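Asker: Input: one structure, supplied below.
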Amino acid sequence: MFNFLKGVVGGSGGGQKDLPYNIGDPYPSAWSSWSHFRGTSKDDGSPVSIFSLSGSNPQDGRLAAGRNGVKRLRTVRHPNILSFLYSYEVEAVDGSGTKVTIYIVTEPAMPLYEKIKELSLEGTQRDEYYAWGLHQIAKAVSFLNNDCKLVHGNVCLESVVVTQTLDWKLHAFDVLSEYDGTSGTATGPMLPYEWLVGSQYKSVELAKSDWVAIRKSPPWAIDSWGLGCLIYEIFSGMKLGKTEELRNTASIPKSLLPDYQRLLSSTPSRRLNASKLIENSEYFQNKLVDTIHFMEILSLKDSVEKDTFFRKLPNLTEQLPRQIVLKKLFPLLTSALEYGSATAPALTALLKIGSWLSAEEYTLKVLPTIIKLFASNDRAIRVALLQHIDQYGESLSAQAVDEQVYPHVATGFVDTSSILRELTLKSMLIMAPKLSQRNLSGSLLKYLSKLQVDEEPAIRTNTTILLGNIASYLNDGTRKRVLINAFTVRALRDTFSPARGAGVMALCATSSYYDTTEIATRILPNIVVLTIDPDSDVRSKVFQAVDQFMQILKQSNEKSNAGDTAHAGSLGLSSMPGNAGLLEWAMSSLTLKGKPLDQAPIAASNSVRPVTTTTAASSGLIETPSMAPVRVSSSSDFADAPAPPSPTLTDGWGEIENGVHEEQYSDKDGWDDIKPLEEPKPSSALANIQAAQKRPVSQPKPQATSLRSKSTVKAVATKDEDDDLWGSIAVPTPKIASKSLKVKTSGAVEDDDPWAAIAAPPPTTKAKPLSAGRGRGTKAAAPKLGAQRINRTSSSGMQ
C-alpha cells in the first residue's frame, strides 16, 4: 500500500536535485506542518510555489494525510482552487533514520495573511477586495459541497492563498473526504484526518466527533462553519484563538452580519449554503465584484452590453483599487481584446490602465497586445487604434513599426471609408520617422500621391501637410523628385483654398531643400499667380512666401557679387523658424476631428522669416528647367479625381523606387518635371487670317475684348480639354502673355489684305490644323479660337 501511494505522488528519487524546480525563500506561514517556498522552473525560469512536508517515519499519519492532499489536489480542478503542476516524494537517509519528504508544485501564490498586509487596503476599497475574495472562496466551497459531494473540513485563513492576479484560491486538501451521509451503512469517521484541524475551527458536532449527526447534516454544514471562521479572521485581522471569539461581531460589516450569523448556526441543518451566500448577500454587490464578474463572462454578453460596459470602464477604473485593476482586471482586458470578445471602446480602458505601468511593464504587457490588434479585420478596432496612436506610438520600436504595424496600417490608405483614410494619413506623422527607406520612399509616397487627389478636400490638404513634415526623412534624390511637383502642380492648383494655403506654407517650410534655380524657375512662377487668389488667407500667405523666396534670391545675389560663387546658386533655408513651426502647424491641423473645412489650418503669419543661413550646394539629381514659359502636362483634373483602389507603378508623383530618379517619366505624371510649352505653328489658312490683323478697321468693345481674352486664356490652360484644372481660381499668367507675343510676330504682314477690316485679334494658343478639303460640308476652325466671325464672313465673301 505504501509503495502504491508513493507512485501516486510521483515515485521515489535521489533528492532535491531530481526536482525540476528550484526551491527559493520560504514564506513565514503555511497550513499545518507544511512549508511554503517560492520557486522557479529549471526549464524556463517561470515562478511557482513549492509546498513540502517531511516526516521521519514512513507510517506517520501526517505523511498519509499529505499524500491524500496531493491526490485530491491533482484530481479536483476549479478556477478558485489552487492549480496543481507537479508532485514528488523522496526518501533520504538522515543519520540513523530515513527522512521522507513530499513536494507539491503549484502555480505561484502567497499566503492570504501575508498578502493582506502587503496590500494595506483601507475603507471601501478594502471591503470591496475582501468581498471579491470571499466570493471566490465561497464558489470553491460550493463546488466541493454541492457538485462534488466533498467536504473540505478545514476552511480557514491558512487554507487560502493569493495568486499573482490577486485571486483567492483554496488549497490544503489533506482533510478533504467524500460526504457519505446518504449511505445508511457508513460507520466510523467520515473525515479520517480531522485530527489535523485545530479545535478553534471545529463546529460543535465535529468537536464532539458526532458522526451520526454529521451524516444527518447537509454536505455543506462543516464547511459553512469554516467560512464563518474565515470571515472573522479576515475582518478582525488576526487568527482565531478559540471558538468563543466568533461571538465578537464588532468588525463584521453590517451588510454581511446576517449571513455571518447563519453560517455559524449551532444547528447544522440551518447553516447557510455557500451557494446561497453568493446569491443573496447584499455585501457581494459592489463595483469591483460586478466588474470582474462581467469580464469573466464577457463571451456571454451581447454587443450592446459590451459597448456600454467598456465605455464606462475608463472612469470606473479610477474608483477601484489600483493594484487590483493592474493585476486582475488588466490581464482580463488584454485577453479579451486579443481573442476578439471585447469591442473597440475597450482599447481606451487598456491604454488608460497601461499609463499606470512603468515603461518596462508597458513594453512587455501593453505593446504586444496593440501590435496584435493591428492585424484585426474589425474596422472599429482599427479606427480606435489610429485615434489613440499618439498615446503609444512613441513607445513602438522602429522594427515593430516597419515590419509588423505598417503593412497592416497601409491598407487604410485605400479603404472605402474616408474616416479611416484620414486617420491612416494622420498616423504617418508618428510612424514615418520609424519607417525604412524601402517603405518610406517605395510605398508611403505612392499612397500619398493618390491621397493628394482624393475626393475629400480635407484629406488632400492633410496630405500636403504631412508631406511637408516628413520631408526631412526622405533622401536627397526623393526630395528633388517629389516636393516641388507635389506642392506646386497639385497643392497650389487645388480648388479647396486651405489646400492651396497648405501648399504655400509647405514650400516655405521646406525651402532649405531648394536651390536658387528651382526657386526662380519652378517655385516663384507658380506662387505669384496666387497673389490674386479669391481667398484672402491664401493671398496673405503667398505674399509672405514671395518675400521669403525673394530674400533667398537677394542673399544669393549678394554672395555672388561678393565673389562667393560656390554657394551662390544653392542658397537655401536651413534654419528658419518657419521650419520648426510647420510641425506644430501640421499637428494642430491633423488633430482636428469632424470639421472638414478646418482640417488644414495654416501656420501663423509670423512663422515665415527672412533667410539667415545658407545651405550646401544642391546636387544635380534633377534637370534645371528651362526659362521658357511652362505649363503642366496633364490630362485630368486632379481636384475631382477619385481615390484609386491601390497605388500603381505609374502614379501621380512618377516612378519612386527608394529615391532613385528615373529617366523615363509618364506623360500624364502630375509630379513629373514641368515641360516648356511648344511654339505654336499656324497653318497656311490661319496665316492668311493673321495677315489681316495688322490693320484692324475697328476696335472691339472693351467688354468683348475682356470676354475674348478670358476665353483664350482658358483654352490655353486646359490644352483642348473640357475640365479646367484651375477651376474657380484660374487667372491669366505671364506664360500666356509671353506665348501670345511670339505668335503675334510669327505671321507675315500683308498691306493689301482684303480681310484686314474684319480681322480678329491674333490667337494666343496653338490652333488645330484646318482640314485639307475646303468644301461646304467641312467645318471651319475650332470655335474656341475666337474665329467664328471670321469664318462666317469669309464664307459669304468667297461666294
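Asker: Look at the stretch 86-100 and say how many of its residues are touching a residue at least 12 places away in the same chain (Cβ under 8 Å) and surrounded by fewer than 20 Cβ atoms within 10 Å (Cβ to Cβ).
Answerer: 7
Asker: Please determine, by comparing only the residues of the stretch 390-399 that are touching a residue at least 24 places away in the same chain (Cβ under 8 Å) and open to solvent by 10 Å² or more (accessible area, probe 1.4 Å), which one is nearest to Pro433 (Cα to Cα). Can you show your working first?
Answerer: Taking the stretch 390-399 and keeping what is touching a residue at least 24 places away in the same chain (Cβ under 8 Å), we get 390-398.
With the extra rule that they be open to solvent by 10 Å² or more (accessible area, probe 1.4 Å), the set shrinks to 390-391, 394-395, 397-398.
Values: Asp390: 14, Gln391: 16, Glu394: 10, Ser395: 13, Ser397: 11, Ala398: 8 Å.
That would be Ala398.
Asker: I'd like to know if the stretch 161-180 contains one or more residues that are of a type outside the set (S, T, N, Q), open to solvent by 40 Å² or more (accessible area, probe 1.4 Å), in a helix (DSSP H, G or I) and over 17 Å from Ile231 (Cβ atoms).
Answerer: Within the stretch 161-180, none of the residues are of a type outside the set (S, T, N, Q), open to solvent by 40 Å² or more (accessible area, probe 1.4 Å), in a helix (DSSP H, G or I) and over 17 Å from Ile231 (Cβ atoms).
Asker: If Pro253 satisfies all but one of (1) modelled with pLDDT under 90; (2) closer than 16 Å to His135 by Cα; (3) not small (Gly, Ala, Ser), what's the number of the condition it fails?
Answerer: Only one criterion is unmet by Pro253, namely (1).
Asker: If we keep just the residues of the stretch 123-157 that are more than 22 Å from Asn280 (Cβ to Cβ) and surrounded by fewer than 23 Cβ atoms within 10 Å (Cβ to Cβ), which is nearest to the chain's Cα centre (by Cα)?
Answerer: Top of the filtered list is Gln125.
Asker: Output the qualifying pairs, or none if there are none: Cβ atoms under 6 angstrom, residues six or more apart or on different chains, first residue in the stretch 158-174 and on the phi > 0 side of the Ramachandran plot and outside the structural domain of Val70 (by the TED database), second residue open to solvent by 10 Å² or more (accessible area, probe 1.4 Å) and among the aromatic types (Phe, Trp, Tyr).
Answerer: Ala172/Trp31
Asker: Okay, moving on. Quick one: which of Leu429, Leu420, Leu445 is of a type outside the set (Gly, Ala, Ser), touching a helix residue (DSSP H, G or I) at 6+ places or on another chain (Cβ under 8 Å), surrounded by fewer than 21 Cβ atoms within 10 Å (Cβ to Cβ) and part of a helix (DSSP H, G or I)?
Answerer: Leu420
Asker: Filter the stretch 294-304 down to residues that are without any contact (Cβ under 8 Å) to a residue 12 or more places away in the chain and over 24 Å from the mean Cα position of the chain (by Cα) and give me whichever is nearest to Leu320 (Cα to Cα). Reasoning before the result, please.
Answerer: Pass one, the stretch 294-304, residues without any contact (Cβ under 8 Å) to a residue 12 or more places away in the chain: 297, 300-302, 304.
With the extra rule that they be over 24 Å from the mean Cα position of the chain (by Cα), the set shrinks to 297, 300-302.
Numbers: Ile297: 19, Leu300: 24, Lys301: 22, Asp302: 25 Å.
By that ranking, first place goes to Ile297.
Asker: Also, quick follow-up: Which residues, taken from the stretch 529-540, are open to solvent by 20 Å² or more (accessible area, probe 1.4 Å), more than 37 Å from the chain's Cα centre (by Cα) and in contact (Cβ under 8 Å) with a residue 40 or more places away in the chain? Please lay out each step first, then the result.
Answerer: So the first thing to find is which residues in the stretch 529-540 are open to solvent by 20 Å² or more (accessible area, probe 1.4 Å), and the list is 531-532, 534-537, 539-540.
This time we only want the ones that are more than 37 Å from the chain's Cα centre (by Cα), so: 531-532, 534, 536, 539-540.
Those that are open to solvent by 20 Å² or more (accessible area, probe 1.4 Å), more than 37 Å from the chain's Cα centre (by Cα) and in contact (Cβ under 8 Å) with a residue 40 or more places away in the chain: Ile532, Pro534, Ser540.
Asker: Hey, which of the helices (runs of 4 or more DSSP H) in the stretch 290-388, taking only ones fully inside, have at least 3 residues that are among the hydroxyl-bearing types (Ser, Thr, Tyr)?
Answerer: 303-317
Asker: Another one. I'd like the full set of residues that are free of Cβ contacts under 8 Å to residues at least 24 places away in the same chain and either crowded, with 16+ Cβ neighbours inside 10 Å or not assigned by the TED database to the domain that holds Leu121 (or both), limited to the stretch 252-261.
Answerer: Ile252
The values are calculated or read from the model by the stated rules, or taken from the named source; none is laboratory data. Just so you know, these numbers come straight off a predicted model, no measurement behind them. All Cβ positions, even for glycine, are placed from backbone atoms using ideal geometry, and neighbour counts span all protein chains on display. The protein model used for the area step is the full one, side chains on, heavy atoms only, and it has no ligands, DNA or RNA in it. Shrake-Rupley method; radii C 1.70, N 1.55, O 1.52, S 1.80 Å.
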